[in-house]
Amino acid sequence: TAGITQAPTSQILAAGRSMTLRCTQDMRHNAMYWYRQDLGLGLRLIHYSNTAGTTGKGEVPDGYSVSRANTDDFPLTLASAVPSQTSVYFCASSSTSGGAYLYNEQFFGPGTRLTVL
Amino acid sequence: GENVEQHPSTLSVQEGDSAVIKCTYSDSASNYFPWYKQELGKRPQLIIDIRSNVGEKKDQRIAVTLNKTAKHFSLHITETQPEDSAVYFCAAIHDRGSTLGRLYFGRGTQLTVWP
(Lines give C-alpha, C1' and ligand atoms only; values in the text may rest on other atoms or scores of the structure.)
Protein backbone atom coordinates (compact mmCIF):
# COMPACT_ATOMS: atom_id res chain seq x y z
CA THR A 1 0.00 0.00 0.00
CA ALA A 2 1.06 3.60 -0.55
CA GLY A 3 0.46 4.62 3.06
CA ILE A 4 0.54 8.39 3.19
CA THR A 5 1.63 10.58 0.29
CA GLN A 6 2.26 14.28 -0.13
CA ALA A 7 2.52 16.53 -3.18
CA PRO A 8 4.46 18.35 -4.38
CA THR A 9 7.85 17.12 -3.12
CA SER A 10 9.20 20.64 -3.23
CA GLN A 11 8.05 24.05 -4.39
CA ILE A 12 9.38 27.57 -4.75
CA LEU A 13 6.65 30.13 -4.33
CA ALA A 14 6.58 33.89 -4.73
CA ALA A 15 5.43 35.83 -1.67
CA GLY A 16 1.78 36.77 -1.87
CA ARG A 17 0.83 33.75 -3.97
CA SER A 18 -1.47 31.01 -2.74
CA MET A 19 -0.73 27.33 -2.68
CA THR A 20 -2.28 24.07 -1.57
CA LEU A 21 -0.19 21.23 -0.23
CA ARG A 22 -1.84 17.88 -0.79
CA CYS A 23 -1.94 14.91 1.57
CA THR A 24 -3.60 11.57 0.94
CA GLN A 25 -3.63 8.38 3.00
CA ASP A 26 -5.03 4.97 2.15
CA MET A 27 -4.95 3.48 5.65
CA ARG A 28 -8.48 4.65 6.54
CA HIS A 29 -7.09 6.57 9.51
CA ASN A 30 -9.59 8.92 11.13
CA ALA A 31 -7.07 11.44 12.43
CA MET A 32 -4.77 13.56 10.27
CA TYR A 33 -2.27 16.28 11.09
CA TRP A 34 -0.12 18.94 9.48
CA TYR A 35 3.27 19.86 10.96
CA ARG A 36 5.98 22.24 9.94
CA GLN A 37 9.60 21.49 10.71
CA ASP A 38 12.14 24.23 11.13
CA LEU A 39 15.74 23.82 12.23
CA GLY A 40 16.02 23.96 16.01
CA LEU A 41 12.27 24.15 16.53
CA GLY A 42 11.30 20.54 15.98
CA LEU A 43 7.87 19.62 14.67
CA ARG A 44 5.11 22.12 15.33
CA LEU A 45 1.46 21.30 14.77
CA ILE A 46 -0.38 23.61 12.36
CA HIS A 47 -3.85 22.05 12.11
CA TYR A 48 -5.38 18.69 12.82
CA SER A 49 -8.55 16.72 12.15
CA ASN A 50 -9.87 13.97 14.41
CA THR A 51 -12.41 12.81 11.82
CA ALA A 52 -13.80 13.78 8.43
CA GLY A 53 -15.77 17.01 8.62
CA THR A 54 -13.94 18.39 11.66
CA THR A 55 -10.71 20.36 12.02
CA GLY A 56 -8.85 22.08 14.83
CA LYS A 57 -6.05 24.59 15.30
CA GLY A 58 -2.62 23.53 16.46
CA GLU A 59 0.26 25.57 17.84
CA VAL A 60 0.97 27.69 14.72
CA PRO A 61 -2.24 27.97 12.65
CA ASP A 62 -1.98 31.59 11.46
CA GLY A 63 -1.71 31.93 7.68
CA TYR A 64 -2.88 28.36 7.04
CA SER A 65 -6.24 26.72 6.47
CA VAL A 66 -7.34 23.11 6.10
CA SER A 67 -10.38 21.12 5.08
CA ARG A 68 -11.36 17.50 5.62
CA ALA A 69 -14.09 16.63 3.14
CA ASN A 70 -13.39 12.89 3.33
CA THR A 71 -11.31 10.40 5.29
CA ASP A 72 -8.42 10.14 2.85
CA ASP A 73 -7.52 13.74 2.00
CA PHE A 74 -6.33 16.61 4.16
CA PRO A 75 -5.09 19.58 2.07
CA LEU A 76 -3.25 22.51 3.61
CA THR A 77 -3.70 25.93 1.98
CA LEU A 78 -1.54 29.01 2.25
CA ALA A 79 -3.77 31.88 1.13
CA SER A 80 -1.02 34.49 0.75
CA ALA A 81 2.45 33.06 1.35
CA VAL A 82 5.11 34.92 3.31
CA PRO A 83 8.85 34.14 3.60
CA SER A 84 8.42 32.98 7.22
CA GLN A 85 6.38 30.07 5.87
CA THR A 86 9.51 28.65 4.26
CA SER A 87 9.74 25.23 5.89
CA VAL A 88 9.39 21.49 5.46
CA TYR A 89 5.78 20.42 5.86
CA PHE A 90 4.82 16.97 7.06
CA CYS A 91 1.40 15.43 6.96
CA ALA A 92 0.63 12.56 9.35
CA SER A 93 -2.24 10.24 10.16
CA SER A 94 -3.23 7.87 12.93
CA SER A 95 -5.98 5.42 13.65
CA THR A 96 -8.67 6.29 16.15
CA SER A 97 -10.48 2.99 15.97
CA GLY A 98 -11.24 1.01 19.07
CA GLY A 99 -10.39 1.95 22.64
CA ALA A 100 -6.68 2.52 22.00
CA TYR A 101 -7.03 5.89 20.30
CA LEU A 102 -4.46 7.62 22.43
CA TYR A 103 -1.83 5.01 21.83
CA ASN A 104 -1.83 4.71 18.08
CA GLU A 105 1.27 5.53 16.11
CA GLN A 106 1.28 8.59 13.87
CA PHE A 107 2.53 7.78 10.38
CA PHE A 108 4.26 10.59 8.54
CA GLY A 109 4.28 11.43 4.86
CA PRO A 110 7.56 12.12 3.01
CA GLY A 111 7.26 15.87 3.41
CA THR A 112 7.03 18.92 1.16
CA ARG A 113 9.89 21.41 1.11
CA LEU A 114 8.45 24.88 0.52
CA THR A 115 10.50 27.98 -0.16
CA VAL A 116 8.75 31.36 -0.20
CA LEU A 117 10.72 34.16 -1.82
CA GLY B 1 -1.38 23.08 26.71
CA GLU B 2 1.49 20.65 27.02
CA ASN B 3 5.14 21.76 26.94
CA VAL B 4 7.79 19.17 26.13
CA GLU B 5 11.44 20.04 26.64
CA GLN B 6 14.25 17.88 25.28
CA HIS B 7 17.97 17.79 26.12
CA PRO B 8 20.60 17.82 24.84
CA SER B 9 20.08 19.42 21.44
CA THR B 10 23.21 17.72 20.10
CA LEU B 11 25.00 14.59 21.28
CA SER B 12 28.16 12.99 19.94
CA VAL B 13 29.31 9.54 21.06
CA GLN B 14 31.89 7.00 20.04
CA GLU B 15 30.63 3.84 18.39
CA GLY B 16 29.85 1.25 21.05
CA ASP B 17 29.14 3.80 23.78
CA SER B 18 25.70 4.55 25.20
CA ALA B 19 23.56 7.60 24.45
CA VAL B 20 20.88 9.09 26.67
CA ILE B 21 18.31 11.72 25.66
CA LYS B 22 16.04 13.27 28.28
CA CYS B 23 12.63 14.93 28.04
CA THR B 24 10.33 16.62 30.49
CA TYR B 25 6.65 17.43 30.13
CA SER B 26 4.34 19.80 31.94
CA ASP B 27 0.84 18.35 31.85
CA SER B 28 0.06 15.44 34.14
CA ALA B 29 -2.81 14.44 31.80
CA SER B 30 -0.30 13.19 29.21
CA ASN B 31 -0.08 9.42 29.37
CA TYR B 32 1.59 8.19 26.19
CA PHE B 33 5.16 9.03 25.21
CA PRO B 34 6.51 8.00 21.80
CA TRP B 35 10.00 8.50 20.43
CA TYR B 36 10.63 9.20 16.74
CA LYS B 37 13.82 8.89 14.74
CA GLN B 38 14.40 11.06 11.70
CA GLU B 39 17.28 10.32 9.37
CA LEU B 40 18.61 13.08 7.17
CA GLY B 41 16.09 13.97 4.48
CA LYS B 42 13.60 11.35 5.66
CA ARG B 43 10.30 11.38 7.51
CA PRO B 44 10.06 10.81 11.29
CA GLN B 45 9.42 7.19 12.22
CA LEU B 46 8.35 5.69 15.53
CA ILE B 47 11.08 3.65 17.22
CA ILE B 48 9.64 3.01 20.68
CA ASP B 49 6.86 4.22 22.93
CA ILE B 50 5.78 3.92 26.56
CA ARG B 51 2.50 4.25 28.39
CA SER B 52 1.98 5.85 31.76
CA ASN B 53 1.30 2.54 33.51
CA VAL B 54 4.80 1.27 32.68
CA GLY B 55 8.11 2.48 34.08
CA GLU B 56 10.45 1.01 31.50
CA LYS B 57 10.32 -0.62 28.08
CA LYS B 58 13.10 -2.24 26.07
CA ASP B 59 13.49 -3.20 22.43
CA GLN B 60 16.90 -4.67 21.68
CA ARG B 61 19.43 -1.82 22.06
CA ILE B 62 16.79 0.80 22.78
CA ALA B 63 15.04 1.44 26.07
CA VAL B 64 12.76 4.14 27.40
CA THR B 65 12.14 5.00 31.05
CA LEU B 66 9.31 7.06 32.49
CA ASN B 67 9.02 8.84 35.84
CA LYS B 68 5.47 10.20 36.07
CA THR B 69 6.02 11.81 39.45
CA ALA B 70 8.89 13.89 38.13
CA LYS B 71 7.29 14.22 34.67
CA HIS B 72 10.31 13.11 32.75
CA PHE B 73 11.17 10.30 30.36
CA SER B 74 14.39 9.23 28.70
CA LEU B 75 15.64 7.31 25.68
CA HIS B 76 18.64 5.04 26.16
CA ILE B 77 20.58 3.60 23.24
CA THR B 78 23.28 1.06 24.08
CA GLU B 79 26.13 -0.18 21.89
CA THR B 80 25.61 2.69 19.49
CA GLN B 81 26.33 2.22 15.80
CA PRO B 82 26.90 4.77 13.02
CA GLU B 83 23.42 4.03 11.63
CA ASP B 84 21.97 5.35 14.89
CA SER B 85 23.04 8.82 13.76
CA ALA B 86 19.83 10.82 13.29
CA VAL B 87 17.59 13.37 14.95
CA TYR B 88 15.50 11.93 17.76
CA PHE B 89 12.25 13.50 18.92
CA CYS B 90 10.35 12.80 22.09
CA ALA B 91 6.65 13.51 22.29
CA ALA B 92 3.71 13.43 24.66
CA ILE B 93 0.05 12.88 23.94
CA HIS B 94 -2.54 15.01 25.66
CA ASP B 95 -5.73 13.17 26.47
CA ARG B 96 -8.10 15.94 27.42
CA GLY B 97 -11.02 17.56 25.62
CA SER B 98 -10.59 19.01 22.15
CA THR B 99 -6.85 18.29 22.09
CA LEU B 100 -7.42 14.56 22.47
CA GLY B 101 -4.72 12.60 20.71
CA ARG B 102 -2.54 15.58 19.72
CA LEU B 103 1.19 14.98 19.84
CA TYR B 104 3.42 17.61 21.44
CA PHE B 105 7.03 17.26 20.30
CA GLY B 106 10.32 18.18 21.87
CA ARG B 107 12.74 20.16 19.70
CA GLY B 108 14.88 17.19 18.85
CA THR B 109 18.38 15.83 19.56
CA GLN B 110 20.93 15.44 16.79
CA LEU B 111 22.81 12.25 17.65
CA THR B 112 26.12 11.61 15.89
CA VAL B 113 27.89 8.29 16.37
CA TRP B 114 31.56 8.36 15.37
CA PRO B 115 33.18 5.15 14.09
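The values are calculated or read from the model by the stated rules, or taken from the named source; none is laboratory data. These numbers come from a predicted model, not from an experiment. Ideal geometry is used to build each Cβ from the backbone, glycine not excepted, and the neighbour counts take in all protein chains shown. Each accessible area value is taken on the protein alone, full model and side chains, heavy atoms only, with ligands, DNA and RNA left out. Shrake-Rupley method; radii C 1.70, N 1.55, O 1.52, S 1.80 Å.
Just checking, does region A:74-89 include any residue being at the interface with chain B (Cβ under 9 Å from one of its Cβ atoms) and within 22 Å of residue B:91 (Cα to Cα)? No: region A:74-89 contains no residue that is at the interface with chain B (Cβ under 9 Å from one of its Cβ atoms) and within 22 Å of residue B:91 (Cα to Cα).
So which strands (runs of 3 or more DSSP E) are wholly in region A:1-50 and hold at least 2 residues that are of a type in the set (Gly, Ala, Ser) and away from every other protein chain (no Cβ under 14 Å)? Before you say what the answer is, go through the steps one by one.
Values: elements: A:4-7, A:10-13, A:19-25, A:31-38, A:42-49.
In region A:1-50, there are no strands (runs of 3 or more DSSP E) which contain 2 or more residues that are of a type in the set (Gly, Ala, Ser) and away from every other protein chain (no Cβ under 14 Å).
Would you mind telling me which numbered condition in (1) touching a His at 6+ places or on another chain (Cβ under 6 Å); (2) of a type outside the set (Phe, Trp, Tyr); (3) free of Cβ contacts under 8 Å to residues at least 12 places away in the same chain residue B:56 fails? The number of the failed condition is (1).
Looking at region A:48-56, is at least one residue at pLDDT 95 or above, out of contact with any His (no Cβ under 9 Å at 6 or more places or on another chain) and under 30 Å from residue B:54 (Cα atoms)? Scanning region A:48-56 turns up no residue that is at pLDDT 95 or above, out of contact with any His (no Cβ under 9 Å at 6 or more places or on another chain) and under 30 Å from residue B:54 (Cα atoms).
I'd like to know if region A:26-42 contains one or more residues that are surrounded by 17 or more Cβ atoms within 10 Å (Cβ to Cβ), free of Cβ contacts under 8 Å to residues at least 24 places away in the same chain and not basic (Lys, Arg). Yes, that holds for at least one residue. Of everything in region A:45-64, what is small (Gly, Ala, Ser) and closer than 20 Å to residue A:111 by Cβ? Give them in sequence order. Within region A:45-64, A:49, A:58, A:63 qualify. Criterion applied to B:43, B:61 was being under 28 Å from residue A:111 (Cα atoms), touching a strand residue (DSSP E or B) at 6+ places or on another chain (Cβ under 9 Å) and of a type in the set (Lys, Arg), and the one residue passing it is B:43.
Taking the options A:84, A:65, A:93, A:80, name whichever one is surrounded by fewer than 18 Cβ atoms within 10 Å (Cβ to Cβ), small (Gly, Ala, Ser) and in a strand (DSSP E or B).
Numbers: A:84 fails: in a strand (DSSP E or B); A:93 fails: surrounded by fewer than 18 Cβ atoms within 10 Å (Cβ to Cβ); A:80 fails: in a strand (DSSP E or B).
Of A:84, A:65, A:93, A:80, the one residue that is surrounded by fewer than 18 Cβ atoms within 10 Å (Cβ to Cβ), small (Gly, Ala, Ser) and in a strand (DSSP E or B) is A:65.
So which of A:53, A:3, A:109 ends up being open to solvent by 40 Å² or more (accessible area, probe 1.4 Å) and more than 26 Å from residue B:31 (Cβ to Cβ)? I'd like the intermediate steps shown before the answer.
On the way: A:3 fails: open to solvent by 40 Å² or more (accessible area, probe 1.4 Å); A:109 fails: open to solvent by 40 Å² or more (accessible area, probe 1.4 Å).
Testing whether each residue is open to solvent by 40 Å² or more (accessible area, probe 1.4 Å) and more than 26 Å from residue B:31 (Cβ to Cβ) leaves just A:53.
Taking region B:1-84 as the region of interest, the strands (runs of 3 or more DSSP E) fully inside it that hold 2 or more residues being surrounded by 14 or more Cβ atoms within 10 Å (Cβ to Cβ) are B:4-7, B:10-14, B:19-25, B:32-38, B:45-51, B:62-67, B:72-77.
Tell me yes or no: at least one residue of region A:77-85 is within 12 Å of the chain's Cα centre (by Cα) and at pLDDT 95 or above. Among the residues of region A:77-85, at least one is within 12 Å of the chain's Cα centre (by Cα) and at pLDDT 95 or above, which makes the answer yes.
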